[in-house]
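Step one of this worksheet: look at the structure below.
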Amino acid sequence: MALFVFNSASKMVSSPLVIVHFILICVTLHCNNLAEAKTNPRPNIVLILTDDLDVSIGGMIPLVKTKKLIGDAGITFTNTFVASPLCCPSRASILTGKYPHNHHVVNNTLEGNCSSTAWQKTQEPETFPAFLQKHGIYQTFFAGKYLNEYGNKKAGGVEHVPPGWDHWFALERNSKYYNYTLSVNGRAQRHGQNYSEDYLTDVLANISIDFLENKSNRRPFFMMVSTPAPHSPWTAAPQYESSFPNIKAPRDPNFNIHGKDKHWLIRQAKTPMSNSSVEYLDNAYRKRWRTLLSVDDLVEKVVRKLEVRGELSNTYVIFTSDNGYHTGQFSLPMDKRQLYEFDIRVPLLVRGPNIKPNQTSPLLIANVDLGPTILDIAGYNVNETQMDGMSFLPILTGKGNSSMWRSDVLVEYEGEGSNISDPACPLLGPGVSECFPDCVCEDSYNNTYACVRTVSQAANLQYCEFDDNELSNIAKSIDQEVLEKMNHRLMMLQSCSGQSCRTPGVYDSQFRFDPRLMFSSLMPHRNKRRQTLK
């Protein structure tokens, strides 16, 4: 400021009075800025959420600028998991900081509580943006996909603006790239298929930049940008339509392999897949990567705008996904909804104040932790909420370590299946859904499970129970006592709420095991068989 005043004033030597007046104005502005800085020291927060972005089968590879601008400038978490591997339940967990058994969103339909009137009444007022807005310090902004059934006329249409958002630009329904409707603060704005005006990822980038340009500088901000990519229909921007011409779906050890010792839904996949199916998978994989190049551009635009405005050093930027994805693993064509790493593990990159660059952390993070962490960054007491997750801010800033961090998280999913048989696949019978033309189905009513995902210095395993009598225990090498303790832990997590979800896990030194809880009278009401996956 002093240099600016000096240079400007030196050009006005013909009018000493003007010089004095200009200096007084600049000094006054400088003092006001200092006063604002002292009264508003809280950092800004940006959350960028992608849709169906895996980390286990190469999803982050196209995001070169994102890795450089966020990951290399901060910390990359290598063990981040979702509470449920499906869009709406997972997004509900991000917003509420709760496991699905507490927010009650079980699938992507209104009947499954996705953006239903019940969700709006009981859960939306408890989301972390609602807490931010309630306290009045943060200005809040949302752009992109919210929940899959948002905008449904049976649940208020696009006129409904959830509590917590000062600026609202939400996509009606599920991911699209063209020909969609946005709710702009409760008013419908329709878009067509002109790239320069309508390509959704770019539209979200432009809206975000406009917000950063025109927001109040007197208050910190929280900005959430939720891209459609790389969700189907995988429509790339014109300049990226020919990118990655030789890329194929990864031929990892599970690709096109029969899951002979797994749930029947996995076993029904046809192995080996037909050549046409493999070709289709390869094409879809390329298209997914192409859509991510526009996400990479969006990240660059937002970070550079923050940098130009002088706000980047005081802004936390978080990048993640709502769930993972698979393309041909265990011969399943394409989807999520499974309990395996490719579906439940997601990327998590964070940069911000007091975060040292070029860090990698193996500590176990769940997406129910995002809300508590954002509230903690904003200066609010997470213990005053009903959130199940815990803040990983101490991990970000180097004030926490593995000895004080959790060793397990809960993953749960409630499968969907039709009550009638698919006419094209009569042999499958009723109870399946998401079926492909070759009668390979991605979901079923008894694809219902709950898992304890454990990551610690002593163990890296997943213990799951299915709502199914068909499975037998395949973990022959696991000690029976460990299985009993994991069963006990799963029971605890399936019934936990708030603080009780943050109690010690089996591989924490504070864990206490009461064998009396193993009696059948105290078992969960579902009829299950154990399955432990290493």
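The values are calculated or read from the model by the stated rules, or taken from the named source; none is laboratory data. Given the structure is predicted, the values throughout are model-derived calculations rather than measurements. Heads up, the Cβs are rebuilt from the backbone with ideal geometry, glycines too, and the neighbour counts pull from every protein chain shown. Calculation scope for accessible area: heavy atoms of the full protein, side chains included, ligands and nucleic acids excluded. Shrake-Rupley method; radii C 1.70, N 1.55, O 1.52, S 1.80 Å.
Against the numbered list (1) out of contact with any Phe, Trp or Tyr (no Cβ under 8 Å at 6 or more places or on another chain); (2) modelled with pLDDT of 80 or more; (3) open to solvent by less than 80 Å² (accessible area, probe 1.4 Å); (4) part of a helix (DSSP H, G or I), residue 18 comes up short only at (2).
Quick check on the range 403-434: of everything there that is out of contact with any helix residue (DSSP H, G or I) (no Cβ under 9 Å at 6 or more places or on another chain) and not in a loop (DSSP other than H, G, I, E, B), which residue is least open to solvent (accessible area, probe 1.4 Å)? This residue is 433. Counting only residues that are part of a helix (DSSP H, G or I), open to solvent by less than 10 Å² (accessible area, probe 1.4 Å) and under 10 Å from residue 414 (Cβ atoms), the range 83-106 holds 1 of them. Would you call residue 299 in a helix (DSSP H, G or I) and surrounded by 22 or more Cβ atoms within 10 Å (Cβ to Cβ)? So residue 299 fits the description; yes.
When residue 317 is tested against (1) aliphatic (A, V, I, L, M); (2) touching a residue at least 60 places away in the same chain (Cβ under 8 Å); (3) surrounded by fewer than 23 Cβ atoms within 10 Å (Cβ to Cβ), only condition (3) is not met.
Taking the listed residues 294, 331, 276, 243, the one that is touching a residue at least 24 places away in the same chain (Cβ under 8 Å), in a helix (DSSP H, G or I) and of a type outside the set (A, V, I, L, M, F, W, C) is 294, with no other qualifying. If you scan the range 369-389, which residues turn out to be in contact with a Lys or Arg (Cβ under 7 Å, 6 or more places away or on another chain) and closer than 17 Å to residue 45 by Cβ? Answer for the range 369-389, where residues must be in contact with a Lys or Arg (Cβ under 7 Å, 6 or more places away or on another chain) and closer than 17 Å to residue 45 by Cβ: 378, 379, 387. Among the candidates 76, 80, 66, the residue that is touching a Leu at 6+ places or on another chain (Cβ under 8 Å), open to solvent by 30 Å² or more (accessible area, probe 1.4 Å) and farther than 24 Å from residue 172 by Cα is uniquely 76.
The rows are residues; the columns are (1) out of contact with any His (no Cβ under 9 Å at 6 or more places or on another chain); (2) modelled with pLDDT under 95; (3) of a type in the set (Phe, Trp, Tyr); (4) part of a helix (DSSP H, G or I).
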residue: 118; (1), (2), (3), (4): no, no, no, yes
residue: 121; (1), (2), (3), (4): yes, no, no, yes
residue: 129; (1), (2), (3), (4): yes, no, no, yes
residue: 134; (1), (2), (3), (4): yes, yes, no, yes
residue: 142; (1), (2), (3), (4): no, no, yes, no
residue: 151; (1), (2), (3), (4): no, no, no, no
residue: 174; (1), (2), (3), (4): no, no, no, no
residue: 190; (1), (2), (3), (4): yes, no, no, no
residue: 201; (1), (2), (3), (4): yes, no, no, yes
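Each residue in the range 212-240 was checked for being outside any loop (DSSP other than H, G, I, E, B) and open to solvent by 60 Å² or more (accessible area, probe 1.4 Å), and 4 of them qualify. Taking the conditions exactly as written (over 21 Å from the mean Cα position of the chain (by Cα), in a loop (DSSP other than H, G, I, E, B), buried (at least 18 other Cβ atoms within 10 Å of the Cβ) and among the small types (Gly, Ala, Ser)), does residue 400 satisfy them or not? When the stated conditions are applied, residue 400 does not pass them.
Whenever a residue of the range 50-75 is under 21 Å from residue 356 (Cβ atoms), its partners that are charged (D, E, K, R), lying with C-beta atoms within less than 6 angstrom and at least six residues away or across chains, give the pairs 65/296; 65/300; 66/296; 70/351; 73/351; 74/351. Scoring residue 371 on the criteria (1) of a type in the set (Gly, Ala, Ser); (2) in a helix (DSSP H, G or I); (3) open to solvent by 10 Å² or more (accessible area, probe 1.4 Å) leaves a single failure, condition (3).
Of all residues in the range 312-343, those being of a type in the set (Val, Ile, Thr) and farther than 26 Å from residue 376 by Cβ number 1. Residues in the range 374-384 that are assigned to a helix (DSSP H, G or I), modelled with pLDDT of 95 or more and either open to solvent by less than 30 Å² (accessible area, probe 1.4 Å) or closer than 17 Å to residue 319 by Cβ (or both): 374, 375, 377.
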